1. State the number of residues belonging to the range A:9-59 that are more than 9 Å from chain B (Cβ to nearest Cβ), of a type in the set (S, T, N, Q) and more than 13 Å from DNA strand C (Cβ to nearest atom).
2. Checking A:Thr130 against (1) surrounded by 18 or more Cβ atoms within 10 Å (Cβ to Cβ); (2) away from DNA strand D (no atom under 13 Å from the Cβ); (3) in a helix (DSSP H, G or I), which single condition isn't satisfied?
3. Hey, does the range B:88-99 have a residue that's under 24 Å from A:Ala14 (Cβ atoms) and within 15 Å of DNA strand C (Cβ to nearest atom)?
4. Do the conditions hold for B:His142, that is, is it of a type outside the set (A, V, I, L, M) and crowded, with 16+ Cβ neighbours inside 10 Å?
5. Which pairs do you get when a residue that is within 19 Å of B:Leu35 (Cβ to Cβ), found in the range B:108-137, comes within reach of a residue that is surrounded by fewer than 14 Cβ atoms within 10 Å (Cβ to Cβ), reach meaning Cβ atoms under 7 angstrom, with the pair 6+ apart or on two chains?
6. So which of B:Leu104, B:Leu68 ends up being under 15 Å from the mean Cα position of the chain (by Cα), under 20 Å from B:Thr23 (Cβ atoms) and modelled with pLDDT of 95 or more?
7. I need the helices (runs of 4 or more DSSP H) fully contained in the range B:1-111, keeping only those with at least 1 residues that are away from DNA strand D (no atom under 14 Å from the Cβ).
8. Across the range B:112-127, what is the number of residues that are part of a helix (DSSP H, G or I) and over 20 Å from the mean Cα position of the chain (by Cα)?
There are 2 protein chains.
Amino acid sequence: MHESLRLDNQLCFALYAASRAMTQVYQPLLEPLGLTYPQYLVLLVLWEEDALLVKEIGARLDLDSGTLTPLLKRMEAQSLVVRKRQENDQRQVRIHLSPSGRALEGKAIEVPHALACRYGNVPSAYVEATRLRDALIGLRKHLRNGATEPPR
Amino acid sequence: MHESLRLDNQLCFALYAASRAMTQVYQPLLEPLGLTYPQYLVLLVLWEEDALLVKEIGARLDLDSGTLTPLLKRMEAQSLVVRKRQENDQRQVRIHLSPSGRALEGKAIEVPHALACRYGNVPSAYVEATRLRDALIGLRKHLRNGATEPPR
DNA sequence: GGCAAATATATTGTGCACAATCTATTTGCT
DNA sequence: AGCAAATAGATTGTGCACAATATATTTGCC
C-alpha cells in the first residue's frame, strides 16, 4: 500500500479524531447545562455580542442556515434565545439571548475551568494548547483561502 | 465576558472548525470516487488490512457499531465491501473488500497527491503538517486516557 | 414604477455521530 | 449440563453538517 494512504500519516484523520475526542470531553460538562456542543458555540458567540443575525452567527462558526435554523429553533424551544424578524428587512432574523440564555454564562464559566483541570492545568500544557490552537487557526484560514500558496 | 469563554481562545472550536474545513477540502476529491469521508476512512483501514471485524475497524477509527453498521451497509449496497458473519463466532461480522473496493485504491492514491499540491507541496509545509498531526495524535491520546496528568 | 438579480432564511434529503437499548451468541463458572 | 455475565453487532432516536433547492424580500437598474 502506498505510504501516503496510511491512516496514521493523515493530518485529516488526526483532526477528525481529535475533534471528536475533544467534543466527547465537553459533553459531560455541557449536559448538566442542557446544551449540545454546537448550541454552546452559539451561546459563546452571543455572550460576546448579543442580538446577531443568523448570518453573522454563521460567519463566526462557519455554519449555514441549513444547520443553524433548526438548531436555533431548538434553542428557542428551550427558551435560551428569541428569534425576531427585522422590521426594516423582513429577510433577516436577529437572535437575542433570553434571560435564561444570559444567565447560563455564569455556569458556563466552569466549563473551561474544569477542562483546564482535566488537561493538567500546568503552564507547559497551556502554552502547548495555545500553540496548537494557533496552528489550527492558521490551517483553517489556509484551507478556506483556496490554499494555493504555502502557509506561514 | 470572561476571557476563557472567548470563542477565539478555545482549542476545541479551533479543532472543530479546522476538522470541518479539512473535510470540505476532501469532499470534491472523494465525490468522483462516490465516497464520503468516513467511507474513505473505512477503505483506508481495509487497504492496510483486509477482512477486519466491525469491532476492529471501530477500534482504529474510534467509531461504534451505531455509526459503522449503517455505514458498512451502504458500502455493501455500493459493492465496495462484503459483510460475512463468522462461522465459529456468529456474533462477529467480518468486512471484506470487494474487487471494486480494492480497485478503488488506485484512484485514491491521487487524493493525498492532489491535497499536497493544494497545500503547497513545499518541504516546510510538509514538516509543519507532520508536526501538527503528531500534536493532534498526542492530544487525542491524552484526552482518551482520562487526561489526569499533563501531556508530554 | 417595474422587473431581474441579489440576499437571508427556510426546507428537504442524505449521511454521519453517538447515547441508549436490544438481540443473539458465546464464555466462564459451578 | 446449566446459567449468569460478557461480548458483538443491530436498532432506535436525536442532533448536527451540508448540498440543493425553495421562498420571501429587498436592491439596483432601466
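1. The qualifying residues number 1.
2. With respect to (1) surrounded by 18 or more Cβ atoms within 10 Å (Cβ to Cβ); (2) away from DNA strand D (no atom under 13 Å from the Cβ); (3) in a helix (DSSP H, G or I), A:Thr130 is out only on (1).
3. Checking the range B:88-99: at least one residue is under 24 Å from A:Ala14 (Cβ atoms) and within 15 Å of DNA strand C (Cβ to nearest atom).
4. Values: of a type outside the set (A, V, I, L, M): yes; crowded, with 16+ Cβ neighbours inside 10 Å: yes.
Yes, satisfied.
5. Within 7 Å, the pairs are B:Ile109/A:His2.
6. B:Leu68
7. Output list reads B:11-30, B:37-48, B:99-108.
8. Looking only at the range B:112-127, we keep the residues that are part of a helix (DSSP H, G or I), and these are B:112-119, B:123-127.
In the following step, the residues that additionally are over 20 Å from the mean Cα position of the chain (by Cα) were identified as B:117, B:123-125, B:127.
Of the residues in that region, 5 qualify.
The values are calculated or read from the model by the stated rules, or taken from the named source; none is laboratory data. Every value quoted in this text rests on a predicted model; they were computed, and no experiment measured them. Positions of Cβ are generated from backbone atoms using ideal geometry, with glycine treated the same way; all protein chains shown enter the neighbour counts.
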